[in-house]
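> Encoded as structure tokens, here's the structure I'll be asking about.
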Amino acid sequence: MPEASIRNMAAPPLPPIEPRRFTLRQRIVLRMIIWTGTWVIRLIGPTLRVCISFEDGARETLEQRPLVESFWHSCMIPATYICRHMGVRVMSSNSYDGEYMGRIIHKFGFVAVKGSSSRNAVRALLGLRRALGDGWTVAFTLDGPRGPRHKVKPGPVALARSTGVPLSMFHAAVDRAWVLNSWDRMVIPMPFSRVLLRFGKLIPVPADATDEDVDRYTAELQASLDRVCEFAEANVHQVGTTEFPYSRRR
């Protein structure tokens, strides 16, 4: 996607994140993690060779606002750089891990909405609903904050039903990366690696959907994420070659 298009969708200046009470040791570690994580993304991000690919019927995804966007926790680092300064609202856990991740993504133009599937979920969903009403795209790391890995939770479907905003999903595959020994297998791209960002087609959820329908749409979202993840991982090594012409470079 052209750089100018990203900048045209840039958000206004963001409010600072409210401080939380931590021990002295936690505050020191927090500052170290935030500084390191921010500079890893800033230094590695510009070296990445990124292609954006779409399923049939999904090509309008990047231009449409608002959306309820979903992706896996493991690809948060490449997604943070690629989707920077677009004003996306992201559900962020109230945990210590969620605190430093929220502060890191804030430096790249995201707005963290506090809450998770296990704690303060209602408050977070209300915040995301207000953001959608204001025209912002919201995003979920669907298997966060603690898994199970690559398992969809029902929050995005419920939010889409209550707001009339369609579901969207993507996966960012990296051909060369450091993979952390964490529950999500977090991916840190190596410099100059290839990244394939694959978007699935939109899933509209009607306002009159029953609870049974919500279960069905949740299963459809799971299948869509599994599908785009499989495609991206299988084709990322072809990014930039003649064997993979159907993409947009970023």
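The values are calculated or read from the model by the stated rules, or taken from the named source; none is laboratory data. Because the structure is predicted, anything quoted here is derived from the model rather than measured. For neighbour counting, all protein chains shown are included, and Cβ atoms are generated from backbone atoms with ideal geometry for every residue, glycine included. Surface accessibility is based on the protein's heavy atoms, side chains included, excluding ligands, DNA and RNA. Shrake-Rupley method; radii C 1.70, N 1.55, O 1.52, S 1.80 Å.
> Hey, what's region 153-248 come to in accessible area per residue, 1.4 Å probe, Å²? Before the final figure, lay out the partial values.
Numbers: 4590 Å² over 96 residues.
Per-residue accessible area for region 153-248 comes out at 48 Å².
> Calculate the spin-label point distance for residue 146 paired with residue 49, positioning each point 7 Å from the Cα along the beta-carbon direction, and give it in nanometres.
4.1
> Another question about this same structure. Carbon and sulfur atoms: what percent of the 1.4 Å accessible area of region 65-184 do they account for?
Taking all protein chains in place, region 65-184 shows 55 percent carbon and sulfur surface.
> Now, a different point. How much accessible surface area, in Å² rounded to 10, belongs to the heavy atoms of residue 183 with a 1.4 Å probe?
Its heavy atoms expose roughly 70 Å² to the probe.
> Please give me the summed charge of the neighbours of residue 133: other residues whose Cβ is under 15 Å from its Cβ, Lys and Arg +1, Asp and Glu -1.
Local charge sum for residue 133: +4.
> Once the convex hull of the alpha carbons of region 98-170 is built, what does its volume come to per residue, in cubic angstrom?
98
> For residue 139, list long-range residues whose amide hydrogen, built 1.01 Å from N in the peptide plane, is under 5 Å from its own amide hydrogen.
Under 5 Å from the amide H of residue 139 lie the amide H atoms of 69, 89, 90, 91, each far enough along the sequence or on another chain.
> Here's a follow-up. State the antiparallel share, in %, of DSSP beta bridges confined to region 83-223, rounding to the nearest 5.
Here the share of antiparallel DSSP bridges comes out near 60 percent.
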